[in-house]
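First the structure, in the form of structure tokens, and then the observations on it.
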Amino acid sequence: MTKRAHVVVVGNEKGGTGKSTVSMHLIICMLEQGLSVGSIDIDARQATLTRYLRNRETRKDLAELGLQLPEHVAVPPTHDREGDEARLQETFQAMVARHDVVVIDTPGSDHYLSRLGHSFADTLVTPLNDSLIDLDVLALVEPGTMKIQRPSHYSEMVWETKKARALRGEKAVVDWIVLRNRLSNLDARNKRDMEMLLADLAKRVGFRVIPGLGERVIYRSMFLEGLTLLDLRQKILGFEFSMSHVAARQELRTLVEGIGLNRLKAQ
Ligand SMILES: Nc1ncnc2c1ncn2[C@@H]1O[C@H](COP(=O)(O)OP(=O)(O)OP(=O)(O)O)[C@@H](O)[C@H]1O
Ligand SMILES: [Mg+2]
């Protein structure tokens, strides 16, 4: 029987919003759920996810700690658009046939490979820095009145990729989820404005908003170690277990449930 993986694309046209961090955590969460996972790095020029996974793969204690890995492929762009798109299609088809879930990390800029990657999504996860500045990839907001004027380029791009799916004869419905990343308790006013604007925009553009991840220093140190919050359950050198890790893991669980990935079953 041909396997048809559930496809999760992590995307936002803005750089540095946490796409690769979220991708890595979703991949490890899905593996821990007993699913087979394929991952594709379309942002292969920067290759954060690829390097994150390589840092994991090359840990000397990988086997001892039982750290799992996905089947990972990076698709770096060359100057040959047609060739690049064909390679991504081919990689994607192979992954989808082999795994339960495929997670695709995309670059923080508009690129033809990113557009094609977005068109594969069953679920699109968009991490957003918790700031009004970052909101403008989704919508143009009138300063002063704080009214949404119109959806902006990324929202339009998602709309276009839904059309691309429909043209290929696939279902055009994509579960689009926006999550606020790096939440802090410091700026209550900004937080309230974001909440209000996102709720308004969600109805107009067609996404849902779920609780995101808090601002935590730990995310930055785990990259070089190739680790995720999920791995910190055990005693790993250099990472003292703390209550803040427990809270962070709970946040991650809520995020996975919010996306609905906890309901996926191995095929
Ligand atoms: N919740 C968080 N708390 C603290 N730091 C975070 C959090 N999420 C991400 N970061 C840090 O923010 C930086 C950007 O994250 P990441 O590389 O995941 O973003 P990105 O959207 O993939 O960026 P790019 O668009 O450049 O690919 C990294 O240093 C990462 O460790
Ligand atoms: Mg990235």
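The values are calculated or read from the model by the stated rules, or taken from the named source; none is laboratory data. Nothing here was measured: the structure is a model prediction, and the numbers come from that model. With ideal geometry, Cβ positions are generated from the backbone for all residues, glycine too; neighbour counts draw on all protein chains shown.
Odds and ends about this structure:
- Between G38, G34, the distinction of being within 16 Å of L264 (Cα to Cα), over 18 Å from the mean Cα position of the chain (by Cα) and either part of a loop (DSSP other than H, G, I, E, B) or more than 10 Å from ligand 2 (Cβ to nearest atom) (or both) belongs to G34 only.
Okay, residues lined up against (1) among the charged types (D, E, K, R); (2) surrounded by fewer than 21 Cβ atoms within 10 Å (Cβ to Cβ); (3) farther than 18 Å from H99 by Cβ:
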site: V22; (1), (2), (3): no, no, yes
site: I27; (1), (2), (3): no, no, no
site: M30; (1), (2), (3): no, no, no
site: K60; (1), (2), (3): yes, yes, yes
site: E64; (1), (2), (3): yes, yes, yes
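- Of the criteria (1) closer than 24 Å to A248 by Cα; (2) modelled with pLDDT of 95 or more; (3) among the hydrophobic types (A, V, I, L, M, F, W, C), which one L186 fails: (2)
- Scanning the range 97-115 for residues that are within 16 Å of ligand 1 (Cβ to nearest atom), surrounded by fewer than 18 Cβ atoms within 10 Å (Cβ to Cβ) and among the small types (G, A, S) returns a single hit, S109.
- Within the range 138-190, being part of a loop (DSSP other than H, G, I, E, B), under 21 Å from D110 (Cβ atoms) and of a type outside the set (G, A, S) holds for L138, R168, V174.
- Of all residues in the range 216-230, those satisfying the criterion of being part of a helix (DSSP H, G or I) and not basic (K, R) are I218, Y219, S221, M222, F223, L224, E225, L229, L230.
- Lone qualifier among A44, A121 - being surrounded by fewer than 20 Cβ atoms within 10 Å (Cβ to Cβ) and under 19 Å from the mean Cα position of the chain (by Cα): A44
- Residue in the range 43-60 that is in a loop (DSSP other than H, G, I, E, B), among the acidic types (D, E) and within 16 Å of ligand 1 (Cβ to nearest atom) present: yes
- Screening V205, V178, V256, V173 for residues that are more than 30 Å from T58 (Cβ to Cβ), under 15 Å from the mean Cα position of the chain (by Cα) and either of a type outside the set (K, R) or surrounded by fewer than 16 Cβ atoms within 10 Å (Cβ to Cβ) (or both) leaves exactly one candidate, V178.
- The residues of the range 44-93 that are among the hydrophobic types (A, V, I, L, M, F, W, C) and free of Cβ contacts under 8 Å to residues at least 24 places away in the same chain, listed by number, are L62, A63, A86.
- Among all residues of the range 131-150, there is none that is among the aliphatic types (A, V, I, L, M) and touching a Gly at 6+ places or on another chain (Cβ under 8 Å).
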